[in-house]
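Student: Here it is, the structure in full.
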Amino acid sequence: KYPDYTAVIPTAFTTRIYLKKEEFIQALRAASVFSGKTHEVKIHIFPEKKKCVVESRNADIGEHTSEISCEGKGKEFSLSVNYQYFLDALGKIEENVSFEGNSETTHILLKGSVSKGTQYIIMPLRSY
C-alpha cells in the first residue's frame, strides 16, 4: 500500500499568484546563469503590486534581476530556491502556472493554473 502522499500537500495558503509559464521560465533561465553551485535564485512575490522578481548573484560572475507580471492575492514574501527544481516542474505543466505559498521557510505548491492535474511541492533553500 502506498503512503498517504496527500498529507504533505498543503491545503491553506496565505499567498497565491498566477504566472505566465514562458515568462517564468525565461526569468529562471536568465537568473540561472548567475547562480552559484547550489543553483540558488531568489524569488520575491508582490501580489498587490502584481509583480514577481527573480534574481541571482555570484561574486565571480555578477548579478541578474528579472521582473515579471503576475495576478493573485496574499502577502509579500521572498524565498531562495534551486531553479532546476522549478524548471523540471514547469517542463511538465502545459499551461500558465499557479504558485502558492505561505512564507520563505515553507514549501511551495506549483501546478497548472486551470487543470487539477499534477502538483509539485518545492522546498525553499535556507540562506544564511
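Student: Percent relative contact order of the range 40-98, based on C-alpha pairs within less than 8 angstrom and at least six residues apart?
Tutor: This gives 36 percent for the range 40-98.
Student: Please work out the average accessible area per residue across the chain, using the 1.4 Å probe convention, and give it in Å².
Tutor: About 61 Å² of surface per residue is accessible.
Student: What does the charge add up to near Ala31, with Lys and Arg as +1, Asp and Glu as -1, over the other residues with Cβ less than 14 Å from its Cβ?
Tutor: Residues close to Ala31 contribute a combined charge of -2.
Student: Another one. Going toward the positive end of the dipole of the chain, with +1 on Lys and Arg Cβ and -1 on Asp and Glu Cβ, which of Asn82, Cys52, Ile93 do you reach last?
Tutor: Final value for the positive-end residue is Ile93.
Student: Express the carbon and sulfur contribution to the solvent-accessible surface of the chain as a percent, rounded to the nearest whole number, probe 1.4 angstrom.
Tutor: Percent of accessible area from carbon and sulfur atoms in the chain: 51.
Student: Specify whether the C-alpha gyration tensor of the chain places it in the rounded, prolate or oblate class, a ≥ b ≥ c being the square roots of the eigenvalues: rounded for a/c under 1.5, otherwise prolate if a/b is larger than b/c and oblate if not.
Tutor: Taking the square roots of the gyration eigenvalues as a ≥ b ≥ c, the chain is prolate.
Student: Return one number: the angle in degrees, 0 to 90 and rounded to the nearest 10, between the long axis of the Cα atoms of helix 21-32 and the longest principal axis of the Cα atoms of the chain.
Tutor: 40 degrees
Student: Taking only DSSP H segments of four or more residues, each worth -39500 (n - 2.57), what value at 222 nm results for the chain once the sum is divided by all its residues, to the nearest 500 deg cm²/dmol?
Tutor: -4500 deg cm²/dmol, from helical runs alone.
The values are calculated or read from the model by the stated rules, or taken from the named source; none is laboratory data. Remember, it's a predicted structure, so these values are computed and weren't measured experimentally. Methodologically, a virtual Cβ is constructed for each residue, glycine included, from the backbone with ideal geometry; neighbour enumeration extends over all protein chains shown. Remember, those area values only see protein heavy atoms, side chains included, never the ligands or the DNA or RNA. Shrake-Rupley method; radii C 1.70, N 1.55, O 1.52, S 1.80 Å.
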